[in-house]
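Student: Quick one: structure below, then a few questions.
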Amino acid sequence: MNHERLIIVGSGPAALTAAIYASRARLNPLILEGETPGGQLMSTTLVENWPGERSILGPQLMMNMRAQAHQLGTRFLLEKLTKVELLQKPFALTSSKNKRFTTDALIIATGATPKKLNCPGEQKYWAKGVSTCAVCDGALYKGKKIVIIGGGDTAMEEASFMTHFTDQVTIIHILDAFTASAAMQQRVLDDRKITILYATVVKEFVGNNEHLTNIVIQDTKTGICRTIEAHAAFLAIGLKPNTEIFDGQLKLTSSGHLQQINYTQTSIEGVFAAGDVADNRYRQAITSAGVGCMAALDAERYLANCKK
Ligand SMILES: Cc1cc2nc3c(=O)[nH]c(=O)nc-3n(C[C@H](O)[C@H](O)[C@H](O)COP(=O)(O)OP(=O)(O)OC[C@H]3O[C@@H](n4cnc5c(N)ncnc54)[C@H](O)[C@@H]3O)c2cc1C
């Protein structure tokens, strides 16, 4: 069994920023990268809101972050964390290849997984018009026909956001009424740039092999299908935080995210959380990276106090 001072779980913006800070603080961190090295930004094309980069491909941005962490001394293991024992010290971890580790401090940055519709064409046109983040990609679709799928607060927010770029926004919602808060619904209902299709589901995403062009939709009451034009479709049907393996040992919020008790600390001292795994509000690369930095600084302080 290997003993580590600091293990960081994940390899998205939160984990890699934590690794950069922890390496510079000479904590010699070990990263368990998980099944999606680089995290969610690996599934997108252009990122235009990362300060200092006017426009950069998501995978390139993540490769840059990884290279920087590696150059500073971070060690990487292409393995998934499968089991944690956090009610003891040092904490014990088991990885997918049955490796066992103990660690004095742990930073959890396992992110979240966007929920998908799993309908035909979704995978083919993923990042080619079909995406999950209007706030991230919206500016690429000025004057275009946009579809937002969902009926909660995120769908309302994304629809309103898209009206800054186009007056052709359609919300497709499976139910007869939205589930969003009253104030957010009203903003959408009052906006002439937004058309609402209730009791409607997406049957298929259609395109020209290069990009999304149309969506086949079905009225759930009449069963009638029709095709509408769409240059981009944003799924706003929720994100699932990757917290299953911590359930029962760390406190979770009602949405299933890790609860942060004191800045980045979780319900157990010495275990810190950063990024989308603990954030149900901002869900951006830059906010994840920022909290990754905070988690590394908190872990550094915790480890320094442990020594005394
Ligand atoms: C299509 C799309 C486009 C986006 N565009 C933008 C954008 O333009 N700008 C922006 O700011 N944000 C954008 N976002 C949001 C941004 O990607 C996320 O907010 C950000 O990636 C969250 O970072 P994170 O480090 O918390 O986690 P994630 O990026 O979700 O990474 C999680 C990491 O944890 C690892 N992991 C999970 N479980 C385990 C485990 N058990 N063991 C080990 N590792 C594990 C995974 O392998 C992965 O590396 C976009 C998101 C999507 C889906």
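Student: From the set of residues in the range 215-225 that are within 22 Å of T166 (Cα to Cα) and more than 26 Å from the chain's Cα centre (by Cα), which is least open to solvent (accessible area, probe 1.4 Å)?
Tutor: Just the residues of the range 215-225 that are within 22 Å of T166 (Cα to Cα), to begin with: 215-217.
Remaining after also requiring more than 26 Å from the chain's Cα centre (by Cα): 216-217.
Details: V216: 29, I217: 4 Å².
For the range 215-225, the residue satisfying everything is I217.
Student: Now for a separate question. Does the range 133-147 hold any residues that are open to solvent by less than 10 Å² (accessible area, probe 1.4 Å) and within 14 Å of the ligand (Cβ to nearest atom), and which are they?
Tutor: Looking only at the range 133-147, we keep the residues that are open to solvent by less than 10 Å² (accessible area, probe 1.4 Å), and these are 134, 138, 146-147.
The answer is A134, G138.
Student: The conditions are (1) of a type outside the set (F, W, Y); (2) open to solvent by less than 50 Å² (accessible area, probe 1.4 Å); (3) within 12 Å of the ligand (Cβ to nearest atom); (4) part of a loop (DSSP other than H, G, I, E, B), and G256 fails exactly one of them. Which is it?
Tutor: Against the list (1) of a type outside the set (F, W, Y); (2) open to solvent by less than 50 Å² (accessible area, probe 1.4 Å); (3) within 12 Å of the ligand (Cβ to nearest atom); (4) part of a loop (DSSP other than H, G, I, E, B), G256 comes up short only on (3).
Student: One residue is enough: does the range 55-69 have a residue meeting the conditions within 7 Å of the ligand (Cβ to nearest atom) and either touching a Leu at 6+ places or on another chain (Cβ under 9 Å) or among the hydroxyl-bearing types (S, T, Y) (or both)? Spell out how you get there, then give the answer.
Tutor: Taking the range 55-69 first, the residues within 7 Å of the ligand (Cβ to nearest atom) are 58.
Right, trim to either touching a Leu at 6+ places or on another chain (Cβ under 9 Å) or among the hydroxyl-bearing types (S, T, Y) (or both) and you get 58.
Checked the range 55-69: at least one residue is within 7 Å of the ligand (Cβ to nearest atom) and either touching a Leu at 6+ places or on another chain (Cβ under 9 Å) or among the hydroxyl-bearing types (S, T, Y) (or both).
Student: Right, something else. Kindly establish whether D276 is acidic (D, E), open to solvent by less than 60 Å² (accessible area, probe 1.4 Å) and within 24 Å of P59 (Cα to Cα). Don't jump to the end; show me each part of the working.
Tutor: Values: acidic (D, E): yes; open to solvent by less than 60 Å² (accessible area, probe 1.4 Å): yes; within 24 Å of P59 (Cα to Cα): yes.
Yes; evaluated as a whole, the condition is true for this residue.
Student: Okay, moving on. With the condition kept exactly as written, say whether any residue in the range 80-95 is under 24 Å from P13 (Cβ atoms), in the same structural domain as S55 (by TED's automatic domain parsing), at pLDDT below 95 and within 14 Å of the ligand (Cβ to nearest atom).
Tutor: No.
Student: Which residues, counting only those in the range 58-113, are more than 25 Å from the chain's Cα centre (by Cα) and of a type in the set (V, I, T)?
Tutor: Once the filter is applied, which keeps residues that are more than 25 Å from the chain's Cα centre (by Cα) and of a type in the set (V, I, T), the range 58-113 yields T102, T103.
Student: Does R5 satisfy being among the basic types (K, R), at pLDDT 95 or above and either near the ligand (Cβ under 6 Å from one of its atoms) or in contact with a strand residue (DSSP E or B) (Cβ under 6 Å, 6 or more places away or on another chain) (or both)? Steps first, please.
Tutor: Values: among the basic types (K, R): yes; at pLDDT 95 or above: yes; either near the ligand (Cβ under 6 Å from one of its atoms) or in contact with a strand residue (DSSP E or B) (Cβ under 6 Å, 6 or more places away or on another chain) (or both): yes.
The answer is yes for R5.
A quick yes/no check of all residues on (1) in contact (Cβ under 8 Å) with a residue 12 or more places away in the chain; (2) over 30 Å from A278 (Cβ atoms); (3) outside the structural domain of G10 (by TED's automatic domain parsing):
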position	(1), (2), (3)
N208	no, yes, yes
T213	yes, yes, yes
E229	yes, yes, yes
E244	no, no, no
L250	yes, no, no
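Student: If you don't mind, there's one more thing I want to ask. Working carefully through the options T154, T179, T166, find the one that is β-branched (V, I, T), assigned to a helix (DSSP H, G or I) and either open to solvent by 60 Å² or more (accessible area, probe 1.4 Å) or in the same structural domain as G223 (by TED's automatic domain parsing) (or both). Explain how you work it out, then say what you get.
Tutor: Working: T179 fails: assigned to a helix (DSSP H, G or I); T166 fails: assigned to a helix (DSSP H, G or I).
Sole residue among the options that is β-branched (V, I, T), assigned to a helix (DSSP H, G or I) and either open to solvent by 60 Å² or more (accessible area, probe 1.4 Å) or in the same structural domain as G223 (by TED's automatic domain parsing) (or both): T154.
Student: Where residues in the range 18-49 are near the ligand (Cβ under 8 Å from one of its atoms) and of a type in the set (V, I, T), which of them is most open to solvent (accessible area, probe 1.4 Å)?
Tutor: T36
The values are calculated or read from the model by the stated rules, or taken from the named source; none is laboratory data. On a predicted model such as this, the values are computed, not experimentally measured, just so you know. Glycine gets a Cβ as well: all are built from the backbone with ideal geometry, and neighbour counts include every protein chain shown. Side chains are part of the model used for accessible areas, which takes the heavy atoms of the whole protein and leaves out ligands, DNA and RNA. Shrake-Rupley method; radii C 1.70, N 1.55, O 1.52, S 1.80 Å.
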